[in-house]
1. Touching a residue at least 60 places away in the same chain (Cβ under 8 Å), of a type outside the set (S, T, Y), closer than 22 Å to Q411 by Cα and assigned to a strand (DSSP E or B) - does that describe any residue in the stretch 89-101?
2. Would it be correct to say that Q83 is surrounded by 15 or more Cβ atoms within 10 Å (Cβ to Cβ), modelled with pLDDT of 80 or more, out of contact with any Lys or Arg (no Cβ under 7 Å at 6 or more places or on another chain) and over 22 Å from S129 (Cα atoms)?
3. Restricting to the stretch 197-220, give me the number of residues that are within 21 Å of V138 (Cα to Cα) and not in a loop (DSSP other than H, G, I, E, B).
4. So which residues in the stretch 102-136 are assigned to a loop (DSSP other than H, G, I, E, B) and of a type in the set (S, T, Y), if there are any at all?
5. Only residues that are in a loop (DSSP other than H, G, I, E, B) and exposed (fewer than 15 other Cβ atoms within 10 Å of the Cβ): list them for the stretch 314-336, please.
6. I269 - would you say it is out of contact with any helix residue (DSSP H, G or I) (no Cβ under 9 Å at 6 or more places or on another chain), outside any strand (DSSP E or B), over 30 Å from G379 (Cβ atoms) and modelled with pLDDT under 95?
7. Please determine, by comparing only the residues of the stretch 98-113 that are among the hydrophobic types (A, V, I, L, M, F, W, C), over 15 Å from I80 (Cα atoms) and surrounded by 16 or more Cβ atoms within 10 Å (Cβ to Cβ), which one is modelled with the lowest pLDDT.
8. Among the residues of the stretch 137-158, write down those that are in a strand (DSSP E or B) and not β-branched (V, I, T).
Amino acid sequence: MKNTIKYFGIALIALFGLQSQAQEAATSQETEKVGKTIWDRDIPNFRQPDKRGINDFEAPKDTETYFDGVQVRIGGASTIQLQGLRQENSSGEDDLAELGTNFNLATANLDLDVLLAPGLRMHLRTYLSSLHHNEAYVKGGYIQIDGLEWISEDLAGAMDNWRVKIGHMENNYGDAHFRRTDNAMALYNPFVGNYLMDSFTTEVGAEVYYMNGPWLAMVGFTNSTINQSSKKSERDPSYLAKIGYDKQISEDFRFRLTGSVFHSGFRPIGSRGSTQYLYSGDRAGTRYYNVIEGDFRAGRINPATGAELTSFMINPFIKVGGLEFFGIYENASTENDDWDQFAGELLYRFGATEDFYVGARYNTASNDDVSVNRFNVGGGWFLTKNVLAKVEYVNQQYNDYPAGTVYDDAQFNGFNLEAIISF
């Protein structure tokens, strides 16, 4: 039954993908009030899930919106990799899986985005297939409020600089989560793997944004858990905030700089409630299958090992012509440990419409005792705005881990080919 649901969902995605192509081809005879085609107008205040969404972060803020009835957008993604990795540690390969070259499990997402009223939309993402689950399950969903005309016409314009998001959602800590792979949604990520300290969680909460020209500010809170329950909990809420500047200074020069903070309160040690989810909230799974630990989060670092967690992240983004840089400095501290993460990503996009790119990423995470380093180099080709093919070489090394552990002088390296369809 579960496989039937999965295949039905994939068929549904394919069907609506064909419908979307037909709609795009049918363009110009019907136009909306501002002169855009039916296809061009899409859902307002929405990050496009194709090449047009590359290098977007928060969904664009549209002060002029339209509404002529409930509008439903069905989209999704499907992704597969050919993996050719090898691994070793100080004990040889006795306690590591022997890796070959073969295809990984294909992953699939199903997205529903619904314009419910002027300035009011809903998002829902379902993982149809993932490394960690072969059955369909909901990642999360939220309501996004960008206008209040649906309450009263007198409130038109009251939220021109404001946005509110409420739901069980991907929390907006840092900018790295905007460039990561989210199960099958791998089109925004120029490489195959995510970052070592993969700050990504989906918790119930709310975020309030102020957006004024190039300036952005956000404050929010969550209930500190991804496994929702009405049972009494000793968990304190988590709080997050972001401030940033993002401006297209000239036609060929864009500059963005943001700073974010996340604080997760007390959890009772010695119970399931002690889990911190900021670095372990991804339930879909790693992109490097069966490496080192061999579990669904293999190859990542979880620094959140205490009853409380405070993390902050600084992210510069610079684009000059086709040259693009994205960076991370992050610190995560608990009463038990203190970790730093650095990452630098340099890409060059080229072609008449930047359909091709090559680039490299260096990523390191360390505390006072150990460190992990990862180097990626690769490139990609947008066959269409909805189809991306990538190739990368990755080398990851574990340094100064205790003798006798699986991490002692451990490393994995090799290549990945990845194909993504997203619409």
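The values are calculated or read from the model by the stated rules, or taken from the named source; none is laboratory data. All of these numbers come straight from a predicted model, not from anything done at the bench. Using ideal geometry, Cβ is built from the backbone for each residue, glycine included, and neighbour counts are taken over all protein chains shown.
1. There is at least one residue in the stretch 89-101 that is touching a residue at least 60 places away in the same chain (Cβ under 8 Å), of a type outside the set (S, T, Y), closer than 22 Å to Q411 by Cα and assigned to a strand (DSSP E or B).
2. no
3. So the answer is 6.
4. S130 - this is the single residue of the stretch 102-136 that is assigned to a loop (DSSP other than H, G, I, E, B) and of a type in the set (S, T, Y).
5. Scanning the stretch 314-336 gives G321, G322, E335, N336.
6. yes
7. Once the filter is applied, the top-ranked residue is L99.
8. Once the filter is applied, which keeps residues that are in a strand (DSSP E or B) and not β-branched (V, I, T), the stretch 137-158 yields Y137, K139, G140, G141, Y142, Q144.
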